[in-house]
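Since the structure comes first, as structure tokens, the remarks are kept for the end.
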Amino acid sequence: MARESGEGALVERREVLVGAGAVAGLFAVGGAVKVVGGSAQLMRPPGAQSESLLLGACVRCDRCRSACPTGAIDVAHVEDGLVNARTPVMSFRKGYCDFCEKRGSYACVDACPTGAIAAGFDPSRDKIGLAVVDTSECLLYRGASSTCSKQCIAACPFDALHLDEAGGLVVDKERCNGCGACEYACPSASYAVYTASGRRGINVLPESEVR
């Protein structure tokens with residue numbers, strides 16, 4: 001009986017170890033999936049809103065970034081997911097998208113050799129993302145309204161920003177298409193009240209992150 005008890009304990013211990021290994025393996029796979037695929041939706045240039053088309057066709061040639069006349073296109077990094085690395089993303093700290101209004105056609109679309117960024121984006125209908133006010137950073141909410149000239153409102157070409165009765169900044173989600181002009185113009189990073197959080201008073205986010 002003692003022998004049987006010993007064997008039973010050995011089997012139970014083995015099952016526990018195997019189970020623990022399986023759980024650890026699942027966590028490892030989950031972590032790998034997160035690293036490969038990334039954990040957040042990225043904002044793409046106009047015409048690159050189809051993730052499947054972009055990831056399937058993009059050859060990471062960097063031509064779209066080089067062609068962008070306003071410098072609004074950057075590339076994703078490894079921390080955005082291995083599958084996304086070196087693919088085009090919007091960076092509104094460097095510039096904003098004017099949809100190549102004066103050019104007559106999208107420079108990024110024309111520069112793309114594979115069709116990963118396709119024609120057909122309509123700024124009056126389609127969106128890159130949506131602007132969101134960060135009340136912890138916006139000077140209008142931090143008692144510094146006298147130092148802010150509402151550059152974001154003046155910069156918006158779609159009249160998507162206005163002040164409410166209390167003087168707070170409001171985004172019209174229907175009008176906003178995520179061009180980034182407001183974020184690029186936001187002066188919050190230039191004043192001492194800026195908290196060094198890496199955010200500005202207004203930031204453009206993917207639609208899926210805006211509730």
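The values are calculated or read from the model by the stated rules, or taken from the named source; none is laboratory data. What you are looking at is a predicted structure, and each value in this text was computed from that prediction instead of being measured. A quick note on method: Cβ atoms are made from the backbone with ideal geometry, for glycine too, and the neighbour counts reach across all protein chains shown. Note: accessible area is taken over every heavy atom of the protein model, side chains too, but ligands, DNA and RNA are not part of it. Shrake-Rupley method; radii C 1.70, N 1.55, O 1.52, S 1.80 Å.
A compact table of results
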| item | result |
| --- | --- |
| Taking N as its residue count, the alpha carbon Rg of region 53-211 over 2.2 N^0.38 Å | 1.10 |
| Separation of the Asp172 and Val210 label points, Cα + 7 Å toward Cβ, nm | 1.3 nm |
| For region 47-125, alpha-carbon Rg and Dmax in angstrom | 12.0, 35 |
| Accessible area of Ser208 in the full protein assembly, 1.4 Å probe (Å², nearest 10) | 80 Å² |
| Stretchable slack from Ser124 to Ala67, in nm (0.36 nm times residue separation minus alpha-carbon distance) | 18.2 nm |
| Two-site label geometry, Val78 and Lys102: point separation in nm, points 7 Å out along Cα→Cβ | 4.0 nm |
| Cβ-derived FRET efficiency at R0 45 Å, Ser146 paired with Ser50, nearest 0.05 | 0.50 |
